[in-house]
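Structure record follows, encoded as structure tokens.
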Amino acid sequence: MSIKKKTLIIVCTCLVLLALNAAFIALLSMPTIRIKGEKTITINLNSEYKDAGYKAEYLGQNISKDVKVEGNVDTSKAGTYTITYTINKGLVDTKVTRTIVVKDLEPPLIELKGATEKYLCPGTKYQEEGYTASDNLDGDITTDVQIDNQTDQIVYTVFDKEKNKATAMRKLYYEDQEKPTITLTDGEMIQITKNQEYVDPGYNATDNCDGSIKASVKVGGMVDTSTLGTYKITYEVSDKAQNKTMVTRTVQVIEPVNGVVYLTFDDGPGQYTQRILDTLAKYNVKATFFVTNQFSKYQNMIAQEAEQGHTVAIHTLTHSWNIYNSVDSYLNDFNQMQEIVKNQTGSYTKYFRFPGGSSNTVSKKHATGIMTTLAQVMTEKGYIYYDWNVDSGDTHKNNTVSYIISNIKKYVKGDGSYIILMHDIKKNTMEALPSVISYLKGRGYTFKAIDDNTPIKHFKIAN
């Protein structure tokens, strides 16, 4: 091989080596981009996306400020988004990407109705109290709830459309932890008069698991009615699980009062009048009914009231305030009701009560001075009207049974005569009546129906 040829080979080899060396140097001098955090990120729909950042270097220098970031993430819409980080240094561009997946990651919500821990009677089955399931995107998904009835718990599971899972549990304990209930007839405190025979008003006992356990009640204590004082009667019962309940009744033996009670019922007869008549018969009490024809289908009960020895008196035919428009309008209403009373009882009545009482001010809207005039006219015609001195409160807003009873106890005190206003069209009046009578009898009061010997109670007329 000639020297010239050898020289050419050496030169070419050197040039190739130089080119390879230049390429290697260029490769080593390319900029680098390192993104912080994961290359693929999944975030919740409607959440805030904040880029974790990046770092770019070239020949040992930080050139992060030269990086161009492209791409947008709309977190209000589910989908896959790409963020591109690019820098141009050296011979080529350097580019890296980050993938952001936006999807619904929020699990549904299961809400259980009733307690999450239930104590059940042994041998019984839990009766589902209900549940609801909702999802931030899918809305109401209650119908998708799957229920797993296990021995000691119930597991509720639901998935939304993105397969996010929610679970709720209700624990079940098969043991009776609830005490029985003892209910005392006529309440926990009663009064009877000296030397009156004490007869226990009665009681009832029930248990959530055992039902009626009245027969198991043990009654202790005694009442000496010959001696004034306060006595305690105890009632104790246990259920099969040995849960025990004890209540105490206080019995006060007092001196009898010299008082008379006139129970008066307005606005009927109505749907509760029969039960009220039954109660009056049971306790051998006579009362007075100021009747209307508001509920004409019960009109025949007026005859029954009279037959059972009660006083039938007139309240109004219609119970419309328009009867106070004039004397004639009042008398027209009154006389029509009087004829009904005559047809039902065989005779007219001379006793009556003004709607709203003689002191009502509603009548002012219809005719000035009408109550003053009517009181005079009716008295001249031989009629006798009665107001009251005790309002049972059965038409008040808070007209519960206990309120009616306590109201009468509050205002019927000591000797004297008491005309009590009640309404036989009120259910709570019907239910309170036995306790009212029992209490007043225990205090020694005598019950009478209104007659010619009844002390007249009149309000001060306000119109």
Scanning the range 350-383 residue by residue, those of a type in the set (V, I, T) and under 39 Å from the mean Cα position of the chain (by Cα) turn out to be T361, V362
Might you let me know whether the range 144-156 holds any residue that is part of a strand (DSSP E or B) and in contact (Cβ under 8 Å) with a residue 40 or more places away in the chain? yes
Of the residues in the range 50-85, those that are of a type in the set (S, T, Y), surrounded by 14 or more Cβ atoms within 10 Å (Cβ to Cβ) and touching a residue at least 24 places away in the same chain (Cβ under 8 Å) come to Y54, Y58, T75, Y85
Picking from E70, E48, the residue that is closer than 30 Å to E106 by Cα and under 55 Å from the mean Cα position of the chain (by Cα) would be E48
Condition set of a type in the set (V, I, T) and in contact with an Asp or Glu (Cβ under 9 Å, 6 or more places away or on another chain), scope the range 266-287, selection nearest to T349 (Cα to Cα): answer is T273
query = at pLDDT below 95 and either among the aromatic types (F, W, Y) or not in a loop (DSSP other than H, G, I, E, B) (or both) - does that describe any residue in the range 419-430?
reply = no
Per the filter on the range 318-339, residues touching a helix residue (DSSP H, G or I) at 6+ places or on another chain (Cβ under 7 Å) and either in a helix (DSSP H, G or I) or closer than 28 Å to V261 by Cβ (or both) are W321, N322, I323, Y324, V327, S329, Y330, D333
Every listed condition ((1) farther than 30 Å from T206 by Cα; (2) part of a loop (DSSP other than H, G, I, E, B)) holds for A168 save (2)
- Does D391 count as among the acidic types (D, E) and surrounded by 21 or more Cβ atoms within 10 Å (Cβ to Cβ)? no
Of the residues in the range 391-436, those that are under 23 Å from T185 (Cβ atoms), charged (D, E, K, R) and touching a strand residue (DSSP E or B) at 6+ places or on another chain (Cβ under 6 Å) come to D394, D424
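The values are calculated or read from the model by the stated rules, or taken from the named source; none is laboratory data. Quick caveat: nothing in here was measured; it's all calculated off a predicted structure. Cβ atoms come from the backbone with ideal geometry, glycine included; neighbour counts cover every protein chain shown.
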